[in-house]
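Peer 1: One structure, as C-alpha cells, below. Some questions next.
Readers should treat all values here as calculations from the given coordinates under stated rules, not as data from a laboratory. These numbers come from a predicted model, not from an experiment. Cβ placement follows ideal geometry from the backbone for every residue including glycine, while neighbour counts extend to all protein chains displayed.
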Amino acid sequence: MVNIILHKISKTKQYFISIGLILMVAIICFSLSSFIDYKIVALILLMTLSLIAMFFDILPVLSAAMLSAVIWIYFFIPPIFTWIVKSTDDLMMFFMYFIIAMVNTVLTFKIRAIEKAANVREEKENTLRLYNTMLNSLSHELRTPIATIVGATDNLQDKREHLTEDLKEELISEISKASIRLNAQVENLLNMSRLETEYMQPKMDWCDVNDLVHRLVFSLKEELEERIISIENQDNLPLCKLDSVLMEQVLKNLIVNAHLYTERKCTIKIHSSIVAQQLCIIVEDSGKGFPEDEMSFVFDKFYRLKHSKTGGTGLGLSIVKGFIEVHNGTISLENKVEGGAKFTILLPVETNYINNYTNE
C-alpha cells in the first residue's frame, strides 16, 4: 500500500502535501491555543509527522519535521512570536522535540525499507516455490503424453508390417488421447499466462447457455462415459451476453475436475438458471467432496489436494476463478450434506428472451 502511494505521488507533491498538513494542523492548534497547552501541541505535531512518515519519502518528511519545530518554537512556546526561549525547560523540550521528530522520521523510513526488502524476499521465495511446483507438475504432465506419442509413433513406423489392424487402431487412439491431454495442459498454461498479464478482456456476445452445455458434454462423452451426466436447465432460459469461449473452458475444467475426483457411476449434474438478473450455473457431483481444511486453497495456482491422484498441474480451478472474475462474477465451493462437491457460478449478464419466441 505504501509503495503504491509513493509510486503514484511525485516527490514535489509529497513536499507540498507534507508541509501543507503541518501548516493546517498548526493553524488549527493556534486557533485553539487558549484551550490547548503548547506541550499538547507538540504531541499533536509529532503524531502528524508520524502519519506523514508512514506514507511519504524521507526528504519531504524531514522538511516537514524541521518546519514543525520552527512553528512550535515561534508560535506556541511562550513568549510567542519570538525566537527567544526564556525557560530552560522549554529550551530542553524544544531540542528534545527536534531530535524526536528527526529520529521518528528516520526510524519510520528504515522500518519501511526493511518491510519492503522482506516483501521482495517473500515474493521471490513464493515465485521460486510456484515455479518449482509448476516444473514438478509439468515434468510429469508433459512428459507422459509426449512419451506416449513418441512410443506409439515409433511402433507404427518400425513395426508397421508386423502390426495387426486392431493394434494399429489402438496405437492411433493412444496418440490421439495423448495429443488431447498434451493440448489441454498447454492450453491451461496459456490461459494462466493470459490471466497473469491482466490484459484479458472478454469478448461479450449473445450465447445460448443450454446449447453451450450440451455441446460441451457431447464433446467429452468419451471421457465421461463412466459417469452419469445430468443437465437441468431453467425453462425458457434466455440468451446471455458473455464470452462463450471462456465460459466453455470454465465448465470444461469443472466437469473434468468432477470426473477426476469421483468414482465410476457417480452423477455429475449441471444446472443453469437466471437468479436475480444473474446467470447461475451449478456444477455438482455425488462424490466424496473436498477436505474441509483444504477448501479455501482449491482456487490457488498450482494447488493440488494432499491425497489426490498423481498428475495434474493444479491450474484448472485457478483458471476457472480467473475467467469468472474477468466476467465480474463469483464462484463458490461447498460440500453437499448428502455427499459430493457443489460449485456455484454467479455472473451478472444481459439477457434476451428472443430465442424463446423463436422456438415458440
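Peer 1: Tell me, what HN-Hα J-couplings in whole Hz come from the Karplus equation 6.51 cos²θ - 1.76 cosθ + 1.60 at θ = phi - 60° for each residue of the stretch 276-286, using x for Gly and Pro?
Peer 2: 3J(HN,Hα) across the stretch 276-286, in whole Hz: 6, 6, 10, 7, 10, 10, 10, 10, 9, 9, 10.
Peer 1: Given charges of +1 on the Cβ of Lys and Arg and -1 on the Cβ of Asp and Glu, with all other atoms neutral, how large is the dipole of the stretch 10-104 about its Cα centre, in debye to the nearest 20?
Peer 2: Numbers: 4 positive and 4 negative charges, 41 e Å.
So the dipole magnitude of the stretch 10-104 works out to roughly 200 debye.
Peer 1: Another question, if that's okay. Can you list residues whose amide H is under 5 Å from residue 315's amide H, if they're 5+ apart or on another chain and H is modeled 1.01 Å from N?
Peer 2: Those qualifying (amide H under 5 Å, at least 5 residues apart or on another chain) are 302.
Peer 1: Under a no-solvent Debye model with one identical scatterer per Cα of the stretch 205-359, what's log10 I(q)/I(0) at q = 0.16, 0.18, 0.21 Å⁻¹?
Peer 2: For the requested q values the scattering log ratios are -0.89, -1.12, -1.48.
Peer 1: Pop out the ³J(HN,Hα) list for the stretch 106-118 in order, Karplus 6.51 cos²θ - 1.76 cosθ + 1.60 with θ = phi - 60°, rounded to Hz; leave Gly and Pro as x.
Peer 2: Going residue by residue, I get 5, 5, 4, 5, 5, 4, 5, 5, 5, 5, 4, 4, 5 Hz, with x marking Gly and Pro.
Peer 1: Which entries in 301/342; 39/110; 177/203 show an alpha-carbon gap greater than 26 Å? It would help to have the intermediate numbers written out before the result.
Peer 2: Details: 301/342 20 Å; 39/110 28 Å; 177/203 30 Å.
Those over the limit are 39/110; 177/203.
Peer 1: Also: For a quick check: sort 112, 215, 264 by the number of other beta carbons within 10 angstrom, fewest at the front. Intermediate results must be reported in sequence, preceding the final value.
Peer 2: Working: 112 18, 215 13, 264 8.
In order of increasing Cβ crowding within 10 Å: 264, 215, 112.
Peer 1: Then there is this: Taking neighbour Cβ counts within 10 Å as the exposure measure, how do 266, 240 sort from fewest upward? Working shown, then result.
Peer 2: On the way: 266 18, 240 24.
The fewest-first ordering by Cβ neighbours comes to 266, 240.
Peer 1: Sticking with this structure for a sec: Name the long-range amide H neighbours of residue 274: under 5 Å, sequence gap of 5 or more, or other chain; modelled H, no Pro or chain starts.
Peer 2: Residues meeting the criterion, in which the H sits 1.01 Å from N, are 280.
Peer 1: How big is D, in µm² s⁻¹, for the stretch 25-131 by Stokes-Einstein at 10 °C and 1.306 mPa s if Rh is the Kirkwood radius over C-alpha pairs?
Peer 2: 102
Peer 1: Grab the other residues whose beta carbon is less than 13 angstrom from that of residue 333, score K and R as +1, D and E as -1, and report the net. Before the final figure, lay out each step's value.
Peer 2: Values: positive: 321, 336, 342; negative: 284, 285, 292, 294, 300, 334.
Its environment carries a net charge of -3.
Peer 1: Which whole-Hz couplings ³J(HN,Hα) result when phi for each residue of the stretch 26-35 is put into the Karplus expression 6.51 cos²θ - 1.76 cosθ + 1.60, θ = phi - 60°, listed in order with x for Gly and Pro?
Peer 2: Ordered by residue, 3J(HN,Hα) equals 5, 5, 5, 5, 5, 5, 10, 4, 6, 10 Hz.
Peer 1: When 209, 337, 349 are ordered from fewest to most other Cβ atoms inside 10 Å of their Cβ, what list results? Could you put the intermediate results ahead of the total?
Peer 2: Numbers: 209 25, 337 7, 349 21.
The fewest-first ordering by Cβ neighbours comes to 337, 349, 209.
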